[in-house]
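Remarks on the structure that follows.
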Amino acid sequence: MAVRTQIYLPEELYERLRRRAVITGKSMAEQIRESLERYFTEIEANTPKLEDPIWQLGGRIQSQDHDLSTRHDAYLYPRKGW
């Protein structure tokens, strides 16, 4: 089932979309739907999932270094002479 919606586009974007519709033969609505699908696919691929095991690690590791949260770069990327 489709839901009708209305959006406002800047004139420049509207004209680009309209011209592309003429060139490709795809309606403006179809192009917008395709763009949103691509956008959400990309965003969802780059969004951490709650079921990711990395979230289970928090608070499970102990260290003798008590300044890891503030000096983590120094530990990860040590310079000679530190």
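Numbers for the structure displayed
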{"read-out": "Residue check for residue 16: at pLDDT 95 or above and either among the acidic types (Asp, Glu) or in a helix (DSSP H, G or I) (or both)", "value": "yes"}
{"read-out": "Residues satisfying the stated conditions in the range 44-69, i.e. part of a loop (DSSP other than H, G, I, E, B) and either open to solvent by 100 Å² or more (accessible area, probe 1.4 Å) or touching a Leu at 6+ places or on another chain (Cβ under 7 Å) (or both)", "value": "46, 50, 51, 60, 61, 62, 64, 66"}
{"read-out": "Residue list for the range 1-16, filter: over 12 Å from residue 32 (Cα atoms) and either open to solvent by less than 100 Å² (accessible area, probe 1.4 Å) or of a type in the set (Gly, Ala, Ser) (or both)", "value": "2, 10, 15"}
{"read-out": "Pairs, first of a type in the set (A, V, I, L, M, F, W, C) in the range 61-72, second open to solvent by 80 Å² or more (accessible area, probe 1.4 Å), C-beta under 9 Å, six or more apart", "value": "68/75"}
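The values are calculated or read from the model by the stated rules, or taken from the named source; none is laboratory data. For clarity, every value in this text was computed on a predicted model and none was experimentally measured. With ideal geometry, Cβ positions are generated from the backbone for all residues, glycine too; neighbour counts draw on all protein chains shown. The protein model used for the area step is the full one, side chains on, heavy atoms only, and it has no ligands, DNA or RNA in it. Shrake-Rupley method; radii C 1.70, N 1.55, O 1.52, S 1.80 Å.
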